[in-house]
Amino acid sequence: MYYKQVKAFLDNFSKVKVYLFDDLKNDPETFLKDLLNFLEVNSNYMPNEFKKIYNSSGIPKIKFLAKILNEESIIKDIAKIFLPRKFRARLVEIVQSNNFKKIPMKEEDRNFLREYYKDDILELSTLINRDLSHWLK
């Protein structure tokens, strides 16, 4: 439910720009350049990595592996002794991102959510003058 919150910002502030996650996901470089220009800061900055996925979710494919990574264990204690912190962090990140299995949403749940958010999405679409019809698919 974004419509009321976005409308409140537009009604109360003179300089507001609405960005969508879709824009960031589809073209991160253009998104960042536009954001930096809007903020009136140096727009020449570009991070080295746009493709990194944070907080990926799902259920573990290998539960034992997830347990080792998420709970205290002798394996983690030994790794702390022999492996540098940055290496351990990167290793955990790689293993976790590859150990998740996405759970597909049930079509009945998707239909319920589509209907529940429909009016708000349509109002928001009009308010920000952006086509959000793909949010209803």
Check your understanding: Would you call I62 over 24 Å from Y2 (Cβ atoms) and within 19 Å of the chain's Cα centre (by Cα)?
Key -> no
Practice item. Inspect all residues belonging to segment 8-17 and state whether any of them is part of a helix (DSSP H, G or I), loosely packed, with under 10 Cβ neighbours inside 10 Å and at pLDDT 85 or above. Key: yes
Practice item. With the checklist (1) in a loop (DSSP other than H, G, I, E, B); (2) of a type in the set (D, E, K, R); (3) open to solvent by 100 Å² or more (accessible area, probe 1.4 Å) in hand, flag the one item K25 doesn't pass. Key: (1)
Practice item. Spot the failing condition for I78; the list is (1) open to solvent by 70 Å² or more (accessible area, probe 1.4 Å); (2) touching a Phe, Trp or Tyr at 6+ places or on another chain (Cβ under 9 Å); (3) among the β-branched types (V, I, T), and only one is missed. Key: (2)
Review point. Are any residues in segment 1-17 touching a Phe, Trp or Tyr at 6+ places or on another chain (Cβ under 8 Å) and hydrophobic (A, V, I, L, M, F, W, C), and if so, which ones?
Key: M1, V16
Review point. Restricting segment 53-104 to residues that are in a helix (DSSP H, G or I) and aromatic (F, W, Y), which is nearest to L24 (Cα to Cα)?
Key: F87
Review point. For N42, are the conditions met, namely being open to solvent by 70 Å² or more (accessible area, probe 1.4 Å), touching a Leu at 6+ places or on another chain (Cβ under 8 Å) and at negative phi?
Key: yes
Exercise for review: Report yes if D131 is in contact with a helix residue (DSSP H, G or I) (Cβ under 9 Å, 6 or more places away or on another chain) and in contact (Cβ under 8 Å) with a residue 24 or more places away in the chain, otherwise no.
Suggested key: no
**Study point:** Hits in segment 106-136 - residues which are in a loop (DSSP other than H, G, I, E, B) and surrounded by fewer than 10 Cβ atoms within 10 Å (Cβ to Cβ)
**Key:** K106, N129, D131
Practice item. Could you check R90 against (1) at pLDDT below 95; (2) under 22 Å from the mean Cα position of the chain (by Cα); (3) open to solvent by less than 100 Å² (accessible area, probe 1.4 Å) and say which number it fails? Key: (3)
Exercise for review: Confirm whether I68 is hydrophobic (A, V, I, L, M, F, W, C), exposed (fewer than 10 other Cβ atoms within 10 Å of the Cβ) and over 19 Å from the mean Cα position of the chain (by Cα).
Suggested key: no
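The values are calculated or read from the model by the stated rules, or taken from the named source; none is laboratory data. Everything quoted here is computed from the prediction, not taken from an experiment. Neighbour counts are summed over all protein chains in view; Cβ atoms, including those assigned to glycine, are modelled from backbone coordinates with ideal geometry. Heavy atoms of the whole protein, side chains included, go into the accessibility calculation; ligands, DNA and RNA do not. Shrake-Rupley method; radii C 1.70, N 1.55, O 1.52, S 1.80 Å.
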